[in-house]
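The structure appears below as structure tokens.
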Amino acid sequence: MKGLLALIFAALAAPVSALQGTRDDTQANVVVVWYEDRITLADHCHKLGAWPGYTLQIVRRQAVPGCSVFFRDRGECHVHVLRPQAVDDQRTLVFGHEVLHCFIGKYH
């Protein structure tokens, strides 16, 4: 129990980096594309140019759980993620992460 408490306190004390995006949009039309498997998701994200400089094999091996692509000319942001399966699961977290990219751009 002491080990668990120490771990929790260490996590709470860890520094949190501030969000600093490449833009600050307050409006965007968000289009969500759900996927059932990581391979199809990786293939589509790679095809859209979501990870420039990475080969498809690397993208598949890393099992990246989502991507977002902003089309400035249309004011649209397409979010590609695995469909969430439960309340506040990892997929839901990734969904929120990718939607945030739609509004503040690159932040990591």
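The values are calculated or read from the model by the stated rules, or taken from the named source; none is laboratory data. It should be emphasised that the depicted structure is a prediction, and the values quoted were computed from it without experimental measurement. So basically every Cβ, Gly included, is an ideal-geometry build from the backbone, and we count neighbours across all protein chains shown.
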When you scan the stretch 14-31, do you find a residue that is in a loop (DSSP other than H, G, I, E, B), more than 30 Å from ASP73 (Cβ to Cβ) and modelled with pLDDT of 90 or more, even just one? no
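Name the single residue that is surrounded by the fewest Cβ atoms within 10 Å (Cβ to Cβ) among those in the stretch 35-49 being in a helix (DSSP H, G or I) and of a type in the set (A, V, I, L, M, F, W, C).
ILE39
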- request: State whether the residues of the stretch 50-71 include one that is in contact with a helix residue (DSSP H, G or I) (Cβ under 8 Å, 6 or more places away or on another chain), at pLDDT below 90, of a type in the set (Val, Ile, Thr) and not in a helix (DSSP H, G or I).
  value: yes
Does VAL81 satisfy the criteria of being at pLDDT 95 or above, farther than 22 Å from LEU19 by Cα and part of a strand (DSSP E or B)? no
Exception for ILE58 within (1) more than 12 Å from LEU82 (Cβ to Cβ); (2) touching a residue at least 24 places away in the same chain (Cβ under 8 Å); (3) not charged (D, E, K, R) falls at (2)
